[in-house]
Amino acid sequence: MEIIAASLVGIVAIEHLFIMILEMFFIRSKMAKRAFNLPEHLQGDPNVATMFANQGLYNGFLAAGLIWGLILGSTSTGYMIQLFFVICVVVAALFGGFTSNKGIIVKQGIPAMLALVALIIVM
């Protein structure tokens, strides 16, 4: 079960690295426009690009924390770090889903919730 939990945490980390890259470096790409459902009138706005870059940085921090926990492995410290950052992702996904786009709950929330359940079972 530890391998399943670590795999799920890894998936969440990779997802947040991908989101970070889209938000920070490729916000003007077709993929980012589709992923974030960005209205056309906002697509060229430099202020919007700056806000996305800031959001991307936060997603990068989440990914870094998850990877840090995975590197520490199944030690108690590694487990607690993974647990903390997975809970952060679950809370962020729920908040984003209720305030911005319901799809966030599915795309980011479900993988994080599955990782959370797996971590709790491993505990």
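The values are calculated or read from the model by the stated rules, or taken from the named source; none is laboratory data. Worth saying up front: this structure is predicted, and the values here are computed from it rather than measured. FYI the Cβ positions are ideal-geometry reconstructions off the backbone, even for glycines, and counts take in every protein chain you see. The accessibility values were calculated without ligands, DNA or RNA, using every heavy atom of the protein model including side chains. Shrake-Rupley method; radii C 1.70, N 1.55, O 1.52, S 1.80 Å.
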Query raised in the report: Any idea which of 56, 96 is assigned to a helix (DSSP H, G or I), closer than 14 Å to residue 15 by Cβ, open to solvent by less than 70 Å² (accessible area, probe 1.4 Å) and at pLDDT 95 or above?
Result: 56
Report summary line: Exactly one of 9, 48 is surrounded by 15 or more Cβ atoms within 10 Å (Cβ to Cβ) and in contact (Cβ under 8 Å) with a residue 24 or more places away in the chain, and that residue is 9
Query raised in the report: Out of region 99-116, which residues are among the polar types (S, T, N, Q) and assigned to a helix (DSSP H, G or I)?
Result: 99, 108
Report task. Could you run through region 23-50 and say how many residues are within 18 Å of residue 104 (Cα to Cα), in a helix (DSSP H, G or I), out of contact with any Gly (no Cβ under 7 Å at 6 or more places or on another chain) and not aromatic (Phe, Trp, Tyr)? Result -> 5
Requested in this report: Evaluate region 19-42: report whether one residue or more is within 27 Å of residue 118 (Cα to Cα) and open to solvent by less than 50 Å² (accessible area, probe 1.4 Å).
Outcome: yes
Query raised in the report: Hey, among 119, 66, 83, which residue is part of a helix (DSSP H, G or I), open to solvent by less than 90 Å² (accessible area, probe 1.4 Å) and in contact (Cβ under 8 Å) with a residue 60 or more places away in the chain?
Result: 119
